[in-house]
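Where a number appears in this text, it was derived from the coordinates with a stated rule and is not lab data. Because the structure is a prediction, the values reported are computed rather than measured. Reconstructed Cβ throughout: ideal geometry from the backbone, glycine too, with neighbour counts over all protein chains shown.
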Amino acid sequence: MTETEMVEKFKAFVSEKIPEAKDVDIGLVNPIFGGASRQTFSLELNYVLKGEPVSERVILRREFESGIIETSVNTEFDAYRAFHQTEVPVPRVLWREEDPKWLGTPFYVMEEIIGCEDKHMLLTVPPFDEVREKVGEQFFRIMATIATTDPAKVGLEGKLESIAPEECWKRELDYWEADADKNELEPHPVLRAAIRWLRRNPPPPAQKIVIVHGDMRAGNFLFNRKGEIRGILDWEMMHLGDPLEDLAWSMNRLWSWSEPEKNGFMIPREEGVRIWEEVSGFKAEPDALFWWELFNSVKSVAIWVSMNNVYANGLNTDPIVGYGGLWAMDLQRRIILSQMREIT
């Protein structure tokens with residue numbers, strides 16, 4: 001589907017959703033690159049309602065025909081709706097649509113939070129370097145808040161698959177190993193060595209079953225020049241599981257490769273753990289946290305393996321997908337080797 005076709009169909013969709021709106025039109029259309037799970041656009045939506053002109057900026061997130069990660073827009077939509085107007089800042093969602101007659105694949109629409117950045121590398125340069133500690137403190141507090149949120153109180157009860165505390169690690173490792181099995185185009189001995197160690201040395205059961213964001217890291221939130229986090233994004237991998245999973249994912253050295261002493265270019269690792277423990281009430285026991293960190297390196301490589309597969313087979317020709325599958329996977333394998341040296 002071309003961008004022009006998408007815009008025309010989306011205008012028709014909006015007209016159906018707001019039947020009293022007149023002269024529905026789309027102004028600026030800006031593709032947002034870098035995401036591996038959704039095709040994303042920033043749109044200027046204009047219409048006349050009760051004689052008054054209305055103009056608003058919205059984000060359209062549409063499933064790829066061939067996605068990198070097999071997730072549903074329903075998961076993201078449910079997450080945003082659940083956490084809206086809570087202590088966890090998220091955009092307000094407008095519509096969700098699964099009927100392919102509109103855009104060919106399922107999609108959802110949410111408000112665009114303007115005046116913010118999501119590129120965490122900016123935290124290393126002026127003016128954002130002056131507020132990165134403030135951003136980091138908020139980040140770990142918000143992550144802890146997610147982990148202490150009762151799913152039933154935010155409308156997520158029954159929408160996420162239940163899991164026993166002792167089964168969290170195995171379910172996640174089984175899933176991502178199977179994903180690598182399905183997509184690998186060449187042998188990955190470093191990945192396989194890590195998987196063998198993880199299976200031989202399982203972590204303790206989860207302290208409590210909690211909401212896991214699944215991709216809680218620098219780069220997946222919006223922040224402004226004041227150092228305020230305005231929106232937590234990319235909830236497509238949300239599930240119930242071990243609270244250490246999100247904490248460990250946020251500490252992947254990949255997110256701050258050039259400045260490893262600053263977690264996500266924000267604050268030192270030890271400070272982040274301290275804040276998370278203080279706010280959540282959970283303990284990040286070193287051996288258990290290490291298991292989840294190594295697991296998340298495996299998960300990361302599995303994602304890059306999938307990227308390589310879809311790019312090599314011409315299913316997704318976005319250069320970001322090709323670049324990420326090569327550059328990021330190389331770095332992540334180096335990280336795994338470094339982690340494995342810590343246990344030998």
Fill in: Residue-wise HN-Hα coupling along the stretch 96-112, computed from phi with Karplus coefficients 6.51, -1.76, 1.60 (Hz; x: Gly, Pro)
10, 9, 10, 5, x, 5, 7, 10, x, 9, x, 8, 9, 10, 9, 5, 9
Response to the item:
Any residue on another chain or 5+ positions along whose placed amide H is under 5 Å from the amide H of PHE221 is listed here as LEU233
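With N residues in the stretch 1-61, what two-decimal value do you get for its Cα radius of gyration over 2.2 N^0.38 Å?
Working: Rg = 12.3 Å, N = 61, 2.2 N^0.38 = 10.5 Å.
Working it through for the stretch 1-61, the quotient is 1.17.
Quick check: net charge around ASN46, other residues with Cβ under 9 Å of its Cβ, Lys/Arg +1 and Asp/Glu -1? All intermediate terms of the calculation are to be shown ahead of the outcome.
Details: positive: none; negative: ASP23, ASP25, GLU44, GLU56.
Taking every Cβ under 9 Å from that of ASN46, the sum is -4.
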Item to complete: Sum -39500 (n - 2.57) across every DSSP H segment of at least 4 residues in the chain, then divide by the residue count to get the 222 nm mean residue ellipticity, nearest 500.
Response: -12500 deg cm²/dmol
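What does the convex hull of the alpha-carbon atoms of the chain project to on average, in nm²? Could the numbers behind the result be given before it?
Working: hull surface 71.1 nm².
Reported value for the Cα convex hull: 17.8 nm².
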Response to the item:
Rounded to the angstrom and largest first, Cα extents along the principal axes for the stretch 244-344 equal 47, 30, 23
